[in-house]
Structures are given as C-alpha cells and as structure tokens.
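Have a look at the structure below before the remarks.
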Amino acid sequence: METVGLGFCYEDLPVGRRFRTIGRTVTDADITNFINATGMLEVLFINSDFREKESNIAGFAAPGALVYTFMEGLLTQSTMQHTGFAFLEMELKVLGPTLAGDTIHCEVEVTEARRSKSRPNRGLVRTRNKVFKQTGEQVLEYTPLRMIKAHTVDEEPTVT
C-alpha cells in the first residue's frame, strides 16, 4: 500500500523545478513564544513603548529567525518526510519586516542538484527559497543545501 505524505527524493528535484508552500499567518503569540523560547529578548520584541516611539517598523515585528523556521516547518511537513537527511549550509537575507497578522509562504526553486560523492544513495540539492507576505512583498530569502534520499544508487561506471 502506498504511503502518502513522504518527501521528495533527489530524482524528483531537477534544476529549475519550482513549487510553493501553503501560507502561515504569524500571530502575536507565535512571536512571543519564539522570543521567549530562544532568549531573543531584544527590546524591539519585548517593549511596546520602544516600538511605538523609537522603531521605524509599525507593528509587532517577528524575528527573521522565526520567519525562516516557519518556512522550514512548512517545507519539512510537505517535502522532506523520510527523505531529508542533512541540512548542510545556507545563506540568509532578511529583506523586510514580517509583522503579527502577516500571512507568509515560501516559493522554492531548485538551483543545484548533484549526486553525493560519499553516499551513492543520496543527492545534494540546493534551493532558492523566497518568502513572501500576503501583499506580495518579499521579506526573506535563503539558499539551503540539503542531503536527501535518492530512489536509485549511483554506481561508478565500469571501465573496460
């Protein structure tokens, strides 16, 4: 019997493939819980008087790390179950604020896909992940390189 909900394998992710996640609304409680759990007790996140009088951001801003982890959560649930083995590296750019009440989603494009040299049953896949608010404004971009399961084993060609 087929199991649904399993993630993409290496062969499912050729360079150029694109997809997007569902949306996720960021709430005041999400921001408060995240900053308390991580210890990001920066005045911007914990002092409404400071936000109102000193900040250029109108509203309760979410840390960029929260936005990134929410997108990773949506991607893990929908694309990596039983197939994701390692998160190897990334570059991260925060491009604008995400506020409580914003609904965010991630648009993903595969930019690199190659076999692992050390593990013949794995592939290395890099994506460009762009995070957008409901307004269409891009707020974050990151480029993870992941090791994922392959359907097939890459065998060295035999020299004759």
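Go through Phe8, Phe87 for me and flag whichever is assigned to a strand (DSSP E or B), closer than 16 Å to Leu145 by Cα and aromatic (Phe, Trp, Tyr). It would help to see each step written out before you state the result.
Details: Phe8 fails: assigned to a strand (DSSP E or B).
Answer to the check: Phe87.
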>> So if I check each of Gly73, Gly39, which one is modelled with pLDDT of 90 or more and either over 22 Å from Phe19 (Cβ atoms) or among the hydroxyl-bearing types (Ser, Thr, Tyr) (or both)?
In response: Gly39
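Every residue, every condition in (1) more than 30 Å from Arg119 (Cα to Cα); (2) in contact with a strand residue (DSSP E or B) (Cβ under 9 Å, 6 or more places away or on another chain), yes or no:
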| position | (1), (2) |
| --- | --- |
| Met1 | no, no |
| Phe8 | no, yes |
| Arg18 | no, yes |
| Phe34 | yes, no |
| Ala37 | yes, no |
| Asn47 | yes, no |
| Ser55 | yes, yes |
| Gly59 | yes, yes |
>> For the structure I just gave you, tell me whether Leu88 is touching a strand residue (DSSP E or B) at 6+ places or on another chain (Cβ under 6 Å) and modelled with pLDDT of 95 or more.
In response: yes
> Given the stretch 90-152, what strands (runs of 3 or more DSSP E) lie entirely inside it while holding 1 or more residues that are under 19 Å from Arg20 (Cβ atoms) and free of Cβ contacts under 8 Å to residues at least 40 places away in the same chain?
Replying inline: 122-133
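Quick check: is even one residue across the stretch 126-142 within 13 Å of Tyr10 (Cβ to Cβ), at pLDDT 95 or above and either in contact with a helix residue (DSSP H, G or I) (Cβ under 6 Å, 6 or more places away or on another chain) or not β-branched (Val, Ile, Thr) (or both)?
The first filter runs over the stretch 126-142 and keeps only residues within 13 Å of Tyr10 (Cβ to Cβ), leaving 126-127.
This time we only want the ones that are at pLDDT 95 or above, so: 126-127.
Checking which are either in contact with a helix residue (DSSP H, G or I) (Cβ under 6 Å, 6 or more places away or on another chain) or not β-branched (Val, Ile, Thr) (or both) leaves us with 126.
Yes, because at least one residue in the stretch 126-142 is within 13 Å of Tyr10 (Cβ to Cβ), at pLDDT 95 or above and either in contact with a helix residue (DSSP H, G or I) (Cβ under 6 Å, 6 or more places away or on another chain) or not β-branched (Val, Ile, Thr) (or both).
The values are calculated or read from the model by the stated rules, or taken from the named source; none is laboratory data. Just so it is clear, the model here is predicted, and its values are computed rather than measured. Because the Cβ atoms are built from the backbone with ideal geometry, glycine has one as well, and the counts that use them run over all protein chains shown.
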